[in-house]
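What follows is calculated from the coordinates using simple rules that are stated; it is not laboratory data. Predicted, not measured: the structure shown is a model, and the values here were computed from it. So basically every Cβ, Gly included, is an ideal-geometry build from the backbone, and we count neighbours across all protein chains shown.
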Amino acid sequence: MRKPIIAGNWKMYKTPAETRIFMSQVEPLIRDAGLDVAICPPFTALETALQQTANTVIRVGAQDVFWEDEGAYTGEVSPTMLKDMGCTYCIVGHSERRQYFGETDETVNKKVKALLKQQLIPIVCVGETLAERQEGKTRDVCLRQTREGLAGISPAEAVKLVIAYEPVWAIGTGKTASAADAQEVIAYIRSVLAELFGQSAAEQIRIQYGGSVKPDNIKELMGQPDIDGALVGGASLKAKDFAAIVNYQKS
Ligand code: PGA
């Protein structure tokens, strides 16, 4: 019932010229994928990514946004600007933004609301650090980040967004959560969504797993009943690897 969604988070990698090459390599490999595919390049490569993916199955997203439509906010980019360019998605609350750039549950919430207002799809990241996991706080952290990040959103809006469960200790480390661990936490997040928005909405909301997703572990992850896709960092930078992840059903 939930359509799988595989999204690439390029982080601070790739120039427009590199983006052009990637898109021309990946597009023929994934055109029959039959699921939702997104690439989130840096702001400076959005225009190129959008041009290169026009009339393809690939949709484009940003990695962050500010919550005001316009104003004296040096260095920021607004939801209306992303919408006007033709973006579809925007990542919000990635752990790197929480860790290095002061993102909080409150700013995540403002960004999610501002994106929904422009009919952009937020990909809202939640997940515990290694210390939090070791202290047995995984559920507490996911509960807080989900509840506060999505505060004040209606069930009709909630069904449009995507959640990405990304255990921080699995990001860029080569350590993937086991499929069973990821399933367990994601099922828990879905139960939180059911409390917030009702059972029917919770069953429609797509929840991705992220953290060292690779061609050789995607199939097992996607085999879990509550995992609806992946947010892919490192492996999304290589067209062949990203295509193999998108085509997991064919391997
Ligand atoms: P990774 O990153 O796949 O390189 O672990 C995932 C992410 O940060 O979204």
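Summary table
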item	result
Charge context of T88, other residues only, Cβ under 14 angstrom, K/R +1, D/E -1	+3
Burial ordering of F101, F22, F43, fewest other beta-carbon atoms within 10 Å first	F101, F43, F22
Choice from A180, A239, A45 with maximal GNM fluctuation in the chain (Cα, 10 Å cutoff)	A180
Leading residue at positive end of dipole, segment 123-251 (Cβ point charges), from V124, Q249, G198	Q249
Charge dipole (debye, nearest 20) of the chain; +1 at Cβ of Lys and Arg, -1 at Cβ of Asp and Glu	500 debye
Proximal charge balance of Q118 [Cβ under 14 Å; K/R count +1, D/E count -1]	+1
For the chain, convex hull volume per residue from C-alpha positions, Å³	117 Å³
Rounded if a/c under 1.5, otherwise prolate or oblate - segment 66-145, Cα gyration tensor axes	prolate
MRE, 222 nm, helices only [DSSP H, n ≥ 4, -39500 (n - 2.57), over the chain, to nearest 500]	-12000 deg cm²/dmol
Ranking of D228, D105 by count of other Cβ atoms within 10 Å, fewest first	D105, D228
24 Å Cα-Cα threshold exceeded, pairs from K83/K111; K14/K137; K111/K160; K14/K214; K11/K214; K3/K214	K14/K137
Distance between modelled label sites at E47 and E76, nm, 7 Å Cα→Cβ extension	2.3 nm
Ranked M23, M81, M1, M12, criterion: other C-beta atoms within 10 Å, fewest first	M1, M12, M81, M23
Estimated Rh, segment 149-209: Kirkwood, alpha-carbon pairs, angstrom	12.3 Å
Cα convex hull volume per residue for segment 1-40 (Å³)	56 Å³
Net lengthening on full extension, K137/A194 (0.36 nm per residue, minus Cα-Cα)	18.5 nm
